[in-house]
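Heads up, the thing below is written out as structure tokens.
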Ligand SMILES: Cc1cc2nc3c(=O)[nH]c(=O)nc-3n(C[C@H](O)[C@H](O)[C@H](O)COP(=O)(O)O)c2cc1C
Ligand SMILES: CCCCC(=O)C(=O)O
């Protein structure tokens, strides 16, 4: 029998993945307040079921920025999938392809964009803004040629958060795993490990452009015909600026609690962002989603799609492409079930009326 929920897949993954890699994946920044809050906040919302609606079929497919998807549950960008599986991102892409789910590939993927494209499935490419703009421009060109349908620029990481687990472990990417889409000279220091510091954070300090502002977005826009998505928006103010700067979509995210510790839980930021942007601008969401019920809450609060991070790596660690497929299908099936019992069989039916604030009496 397959796993009935993600908890079983998580514990199987934990038993397999080496401790320092597990800490890198699971960890957050600082006191991990935001990491914990991202999960806890789902308890503060409850669903409002309607009855006597024809729910004989639920429709979970949609076209998002020109990309056809069979499910509103996609994969958040995560660096270095080979940390947990020999094949890495090509297996992830296969699993996503079977589920008809969006795979947002990290710029720090450990397989080439071209191999990932060959594995199939709907895909977008995530970018950090490197100091080396020529490298960025080259990646954009390759992404277009390899059929990536949008660019997702992550804007919440001018520096990497203070991830104490990684600092304690002196974590660095193992020497046999590489960010193969970037030139070796850009990645030269990425394997340097030292107790008390994170190799990932040190490398980012060298390579990320910390001077980046809204005014620079035009440079990227001018280089591509692909839709541009900003990931890491948590306030209405920034959502409005994103719209003013012609962005095609935003992802409400606090980077899974890995960047600013103490930042607002992702779900708490979602309503203000949704309210601040025109109704037709897609708002995506990530942070702490571990079930179809939680995906339904985020969709009801205005997300057009929900990205899932860590659970996909659990699935990859446990079962490669099959494990990824299993995780995505599990959440999709739970969502389908939730929509039926909610009396809201189409994604468009999942609106604010489907959810209510319900301050938990034990809080
Ligand atoms: C191991 C790992 C690597 C990540 N790498 C990236 C990355 O390269 N770029 C990025 O924008 N976000 C990255 N993230 C953040 C995710 O895209 C996402 O925001 C977060 O994991 C969502 O929360 P969840 O894991 O609770 O679902 C990473 C997260 C993890 C766990
Ligand atoms: C330089 C790789 C950073 C990956 C990342 O964004 C994360 O670990 O959250």
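The values are calculated or read from the model by the stated rules, or taken from the named source; none is laboratory data. Bear in mind the structure is a predicted one, so any value in this text is a computation, not a measurement. Counting neighbours? That spans all protein chains shown, and the Cβs are built from the backbone with ideal geometry, glycine included.
Screening segment 3-73 for helices (runs of 4 or more DSSP H) wholly inside it with 3 or more residues that are farther than 21 Å from residue 308 by Cα and away from ligand 2 (no atom under 16 Å from the Cβ) returns no ranges. Going by the conditions given, is residue 158 touching a residue at least 12 places away in the same chain (Cβ under 8 Å), within 17 Å of residue 307 (Cβ to Cβ), within 16 Å of ligand 1 (Cβ to nearest atom) and outside any strand (DSSP E or B)? Spelling it out, it is not the case that residue 158 is touching a residue at least 12 places away in the same chain (Cβ under 8 Å), within 17 Å of residue 307 (Cβ to Cβ), within 16 Å of ligand 1 (Cβ to nearest atom) and outside any strand (DSSP E or B). When each of 186, 220, 230 is tested for being within 14 Å of ligand 2 (Cβ to nearest atom) and in contact (Cβ under 8 Å) with a residue 40 or more places away in the chain, the lone residue that passes is 186. Here residue 302 passes the criteria (1) modelled with pLDDT under 95; (2) on the phi > 0 side of the Ramachandran plot except the one numbered (1).
When 163, 205, 192 are checked against the criterion of being on the phi < 0 side of the Ramachandran plot, surrounded by fewer than 16 Cβ atoms within 10 Å (Cβ to Cβ) and in contact (Cβ under 8 Å) with a residue 40 or more places away in the chain, 205 stands alone in meeting it.
Okay, residues lined up against (1) closer than 19 Å to residue 12 by Cβ; (2) surrounded by fewer than 21 Cβ atoms within 10 Å (Cβ to Cβ); (3) touching a residue at least 40 places away in the same chain (Cβ under 8 Å); (4) out of contact with any helix residue (DSSP H, G or I) (no Cβ under 9 Å at 6 or more places or on another chain):
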site: 278; (1), (2), (3), (4): no, yes, no, no
site: 287; (1), (2), (3), (4): no, no, yes, no
site: 291; (1), (2), (3), (4): yes, yes, yes, no
site: 294; (1), (2), (3), (4): no, no, yes, no
site: 300; (1), (2), (3), (4): no, no, yes, no
site: 327; (1), (2), (3), (4): yes, no, yes, no
site: 339; (1), (2), (3), (4): no, no, yes, no
site: 342; (1), (2), (3), (4): no, no, yes, no
site: 345; (1), (2), (3), (4): no, yes, yes, no
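May I ask you to list the residues in segment 164-200 that are more than 19 Å from residue 109 (Cβ to Cβ), assigned to a helix (DSSP H, G or I) and touching a helix residue (DSSP H, G or I) at 6+ places or on another chain (Cβ under 9 Å)? Listed by number, the residues that qualify are 165, 166, 167, 168, 169. Scanning segment 302-314 for residues that are touching a helix residue (DSSP H, G or I) at 6+ places or on another chain (Cβ under 9 Å), closer than 17 Å to residue 41 by Cβ and within 11 Å of ligand 1 (Cβ to nearest atom) yields a total of 4.
Does residue 215 satisfy being closer than 25 Å to residue 235 by Cβ, surrounded by fewer than 18 Cβ atoms within 10 Å (Cβ to Cβ), free of Cβ contacts under 8 Å to residues at least 12 places away in the same chain and out of contact with any strand residue (DSSP E or B) (no Cβ under 9 Å at 6 or more places or on another chain)? Taking the combined requirement at face value, the residue satisfies it. Residues in segment 220-259 that are touching a helix residue (DSSP H, G or I) at 6+ places or on another chain (Cβ under 7 Å), assigned to a loop (DSSP other than H, G, I, E, B) and buried (at least 18 other Cβ atoms within 10 Å of the Cβ): 226, 234, 253, 254. Without any contact (Cβ under 8 Å) to a residue 40 or more places away in the chain, under 22 Å from residue 22 (Cα atoms), within 16 Å of ligand 2 (Cβ to nearest atom) and surrounded by fewer than 24 Cβ atoms within 10 Å (Cβ to Cβ): is that true of residue 110 in this structure? For residue 110, the condition - without any contact (Cβ under 8 Å) to a residue 40 or more places away in the chain, under 22 Å from residue 22 (Cα atoms), within 16 Å of ligand 2 (Cβ to nearest atom) and surrounded by fewer than 24 Cβ atoms within 10 Å (Cβ to Cβ) - is not met. Residues that are within 11 Å of ligand 1 (Cβ to nearest atom) and without any contact (Cβ under 8 Å) to a residue 12 or more places away in the chain within segment 6-43 comprise just one, 22.
Being assigned to a helix (DSSP H, G or I), within 13 Å of ligand 1 (Cβ to nearest atom), touching a helix residue (DSSP H, G or I) at 6+ places or on another chain (Cβ under 7 Å) and under 22 Å from residue 64 (Cα atoms) is a description that does not apply to residue 317. Against the conditions (1) in contact (Cβ under 8 Å) with a residue 40 or more places away in the chain; (2) surrounded by fewer than 18 Cβ atoms within 10 Å (Cβ to Cβ); (3) away from ligand 2 (no atom under 15 Å from the Cβ); (4) over 28 Å from residue 22 (Cβ atoms), residue 145 satisfies every one except (1). Of the residues 82, 111, the single one that is assigned to a helix (DSSP H, G or I) and at negative phi is 82. Within segment 120-135, the only residue that satisfies the criterion of being touching a residue at least 60 places away in the same chain (Cβ under 8 Å) and either assigned to a helix (DSSP H, G or I) or away from ligand 2 (no atom under 16 Å from the Cβ) (or both) is 133.
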